[in-house]
Structures are given as structure tokens and as C-alpha cells.
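The numbers here are math on the coordinates, done by the rules we state, and not lab data. Since the structure is predicted, the reported quantities are computational estimates derived from the model, not experimental observations. Note that we place each Cβ from the backbone using ideal geometry, even for glycine, and neighbour counts take in every protein chain shown.
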Amino acid sequence: MKDLFFLLTIIKRSDSLEYENFYKDEGVTVNFSTPCNGTAHEKTLTILGIEKTEKAMLFSTVTGTTLKRLCKRLTDTMKIDLPDRGVAVAVPLSGIGGSRALGYLTEGQEFTKEGEEFIMESSHELIVAIYEKGYTKFVMDAARDAGAGGGTTIHAKGTGAGSEKFFGMSIAEEKEMVFIVSHTDKKKDIMSAIMNKAGIDSKAHAVVFSLPVAATAGFRFADTVSKDAE
């Protein structure tokens, strides 16, 4: 699907309603949210001049036309590039379960099924690790050693059926997931570090994969501080 994207917005939990209203005003009427937690190191937070707070993650499905507009409005209207205002990442979707599902998820948005391919260059990728509950620090320490700045965690529960164990990892027990937005040139090192230090054979039993990112918002300030610190 050339013109459809899954948009993840990670913000302070206290800002959830403000962002939900913003998206509705921009024609994105269907949003889902879940509480989550940031994993940024205290030193990083101090450098950026922000406080460690509880987070929320918003999930939206947007068209290419909507995404182009949101990338600008998130910066201009929501000031997402300022410290502690949040970040947004758009991941391309390859398909959706029928026209009614499409209509529900993109209600009010312009969508052209056979339109020109939407192209938006991004220097980032989204790394996702799934691991045993309670091992966030273990996984993130491995990721930071390879250059990751921080991540966002959510709680999850496996629903594996027919297989009690997968490489010694119980599928149906409680898990945690961490989402790490990485510069493309650091992705391989971060993934390798997680696999080598916190992978299947470790006590964290982490599995890791990455997704292409079509667009980002809210990383400019952090990237500038990171470069200045090098």
C-alpha cells in the first residue's frame, strides 16, 4: 500500500488530550492510546533539560497526504521539536484488511489507492525488541553501548498457541516491548548488541526486529544536542 502509514506519537501522559484534540482537528479521527514509559538515561535527560515523566503512545493510521501536513503542523503548531514535547514516527503499511477497515481507520482523510508512490526520506529506523518482563535496563544497557539514546517501553502479553516454548522463551507469559528510534547508520550495531548481550540465550530472551521509517517529527533538538556532545 503506497499511501498508508502507521503513525506512533510518544508524548507525556499529561499531554495526551492535547495531542488527541490536535489530531482530530487535523482530520485524524481514529486514534488509539496506551500508557508507556521512557528509558532515556538520566544523563541524557539532564543534557536535554527535561524531566523523566510517564509517557503515552498514540497510534493512528494516516494517508500520505495527511502525513505530509502533520509533519509540518506537529512542528509549527504543537512545537514537537522543543524539549519534552514528544516525538512522532511514521511506518509504511503494506496492506489492510478490507475496504471497510480502511474506511474506519482513515475516516475523513483523502486516500488514493492507485496514486503515485509516496516518498519521504528519513534518516531513522524503528527498532523493536520483545523480552521478558523486568529486563528493560538489561536490554537498554546493551542498546546504549551501541549508540542508542533511549527508548519507550510498553507491557505486553504473549498469546502463542500450540507452542509452550520458543527457543526456551515462554510465549504466553508477560513481556515488555521497547521501541527505539535509531539513526540508520547505527541500526545494525544496536540490533547486534541487543542480540549478543540480551538475546534469546540470555536471561532477557530478547527478540529484535526493525521497521523502515517514512517520516519523523520531534528529533531535531535531540539530534543537535547529541552532535554537539560528540
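Structure notes:
- As a rough footprinting exposure proxy, the listed residues 32, 22 were ranked by other beta carbons within 10 Å of their own, and the order from fewest upward is 32, 22.
- Set 133/197; 72/188; 137/186 screened for pairs whose C-alpha atoms are more than 26 Å apart: 72/188
- Cα centroid separation - region 55-78 against region 169-208, whole Å: 27
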